[in-house]
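Some notes on the structure that comes next.
The values are calculated or read from the model by the stated rules, or taken from the named source; none is laboratory data. Worth saying up front: this structure is predicted, and the values here are computed from it rather than measured. Cβ sites come from the backbone with ideal geometry, for glycine too, and all protein chains shown count toward neighbours.
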């Protein structure tokens, strides 16, 4: 049995923490300063973590490698299993032309560009975040907005800022699922607290979007639809994450926000011509005027309806029990690890939920979508393989980051770092969201930031007496605000809006919003750690 040590370097916690942080420092410097490719950085960081774990912490080579392989396996299944299948459905709708039908349908809901920004970037973007995540919402929203006549810069900024509130529950809850896995905390517990933090962001983001689109006039004239949309989104995200399912939180919230907008008479009020001419400075795509048959519109919405129905049915107790029966739990080969107290760590056991996992349910929805849209089996398979090829570097990145995180968790590096930064005491409540924000800003992924810093937050919390689940949740909730400034997302926005080399310009425009919202989240977490807002916690 390998027993973790908190201070392997001459009993010095400070020196041990300085060495333990080398893998993270390597990743952050290579990504943020050197600007190397993310998948290369992930593999280099993994190599550094293995060297530190073996040479400094004394972890046996076989166990260190095995721990990394377990992290990579978790990255592939269930994490990437969800992403691949969700983007596969999107590719099918593009192939059949039904994505264009959907885009035209959104454009006809309202001719007010401020309302269009809310429907497309905030609501539909949240739905795409719920299904796929990993940059897809920004790319798709930006393309749609440009087609409606938004200037490329404004479309990109709106898409980036909108991609905040839904991120923690994106890709069928992947970030919080990962957070629960690496921290050992119950998923329901983590999701419940995140669901009492990020919904508050939903109150602000729609208001910020109408300001970005049309300044003070936009806020003055459309504050009511923006507020109604944000409230509906936030309330349903809270209810779903706390009482239904983390996987359904963003789906329900996105649909509620869109429904609230469509139902509000003020949202359907035609925009003044001066508003349209001053806001829509780009070229409107002519095909938006083309009428679509009702049948085609129904088929365009069908894939998302299928996902909602299948996931909802999967939450029914009899069906959920049946799906859970196909879960395989086993002792991971070659791992025999105990924490500093001598108690075996939960990482020794691995769980494979073959059926009760988001990716499998999305796969079923994809098969039904292909049948409904009359896509042949060969074309359906070709699109799936093309999706895997398109995501090949993302697959390397996610598996590398998860392998790195697992090695650092299993050999004790995260425990050392967490114990050391616990010296911040009560101030850790303010710093926790900042750590998540920084991790996402660099990696571009709330999932990656949770994998890297989740266990560290829990260790620090246990040493300071702060609630471990609160700080773990704060890592994810703060992280969502780093998404808009991450180099990965900035590049995706530039490509989608046809702004080659304009990442710096976009960064300058979105950074103030990112930092401002981060401050709000920090104050929320500090309040929740004290009697002032502790009543908000479950």
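You will find that of 72, 47, 55, the residue that is in contact (Cβ under 8 Å) with a residue 60 or more places away in the chain and either touching a helix residue (DSSP H, G or I) at 6+ places or on another chain (Cβ under 9 Å) or within 23 Å of residue 416 (Cα to Cα) (or both) is 72 and no other.
Note on region 8-31: residues that are modelled with pLDDT of 90 or more, surrounded by 19 or more Cβ atoms within 10 Å (Cβ to Cβ) and assigned to a loop (DSSP other than H, G, I, E, B) total 1. The set of residues from region 212-237 being crowded, with 22+ Cβ neighbours inside 10 Å and within 25 Å of residue 195 (Cα to Cα) comprises 225, 226, 229, 230, 232, 233, 234, 236, 237. Only one entry of 145, 185 meets the criterion of being surrounded by fewer than 24 Cβ atoms within 10 Å (Cβ to Cβ) and either outside any helix (DSSP H, G or I) or at pLDDT below 90 (or both), and that entry is 185.
Listed by position, the helices (runs of 4 or more DSSP H) enclosed by region 377-459 that each have at least 3 residues that are modelled with pLDDT under 85 and in contact with a helix residue (DSSP H, G or I) (Cβ under 9 Å, 6 or more places away or on another chain) are 392-411, 413-421, 428-443. Within region 502-515, is there a residue that is part of a loop (DSSP other than H, G, I, E, B) and closer than 24 Å to residue 40 by Cβ? No, region 502-515 has no match at all. Assess whether residue 34 counts as being in a helix (DSSP H, G or I) and without any contact (Cβ under 8 Å) to a residue 60 or more places away in the chain. Judged against the criteria, residue 34 is not a match. Just checking, how many residues over region 111-127 are closer than 18 Å to residue 230 by Cα and modelled with pLDDT under 85? Total meeting the criteria: 0.
Taken together, the residues in region 341-359 that are under 27 Å from the mean Cα position of the chain (by Cα), more than 28 Å from residue 312 (Cβ to Cβ) and assigned to a strand (DSSP E or B) amount to 2. Restricting attention to region 203-239, the residues being over 16 Å from residue 118 (Cβ atoms), at pLDDT below 95 and touching a helix residue (DSSP H, G or I) at 6+ places or on another chain (Cβ under 9 Å) number 0. Only one entry in 175, 137 is surrounded by 24 or more Cβ atoms within 10 Å (Cβ to Cβ) and without any contact (Cβ under 8 Å) to a residue 40 or more places away in the chain, namely 137. The condition of being closer than 30 Å to residue 3 by Cα and loosely packed, with under 12 Cβ neighbours inside 10 Å holds for only one of 344, 333, that being 333.
Residues of region 488-501 that are part of a loop (DSSP other than H, G, I, E, B) and either free of Cβ contacts under 8 Å to residues at least 24 places away in the same chain or surrounded by 16 or more Cβ atoms within 10 Å (Cβ to Cβ) (or both): 497, 499, 500, 501. Within region 301-339, which residues are part of a loop (DSSP other than H, G, I, E, B) and either on the phi > 0 side of the Ramachandran plot or in contact with a strand residue (DSSP E or B) (Cβ under 7 Å, 6 or more places away or on another chain) (or both)? The answer is 332, 334, 336. If you go through region 99-119 and keep only what is in a helix (DSSP H, G or I) and over 26 Å from the mean Cα position of the chain (by Cα), you end up with 101, 104, 105, 107, 108, 109, 113. Of the residues in region 357-378, not one is within 28 Å of residue 472 (Cα to Cα) and in contact with a strand residue (DSSP E or B) (Cβ under 7 Å, 6 or more places away or on another chain).
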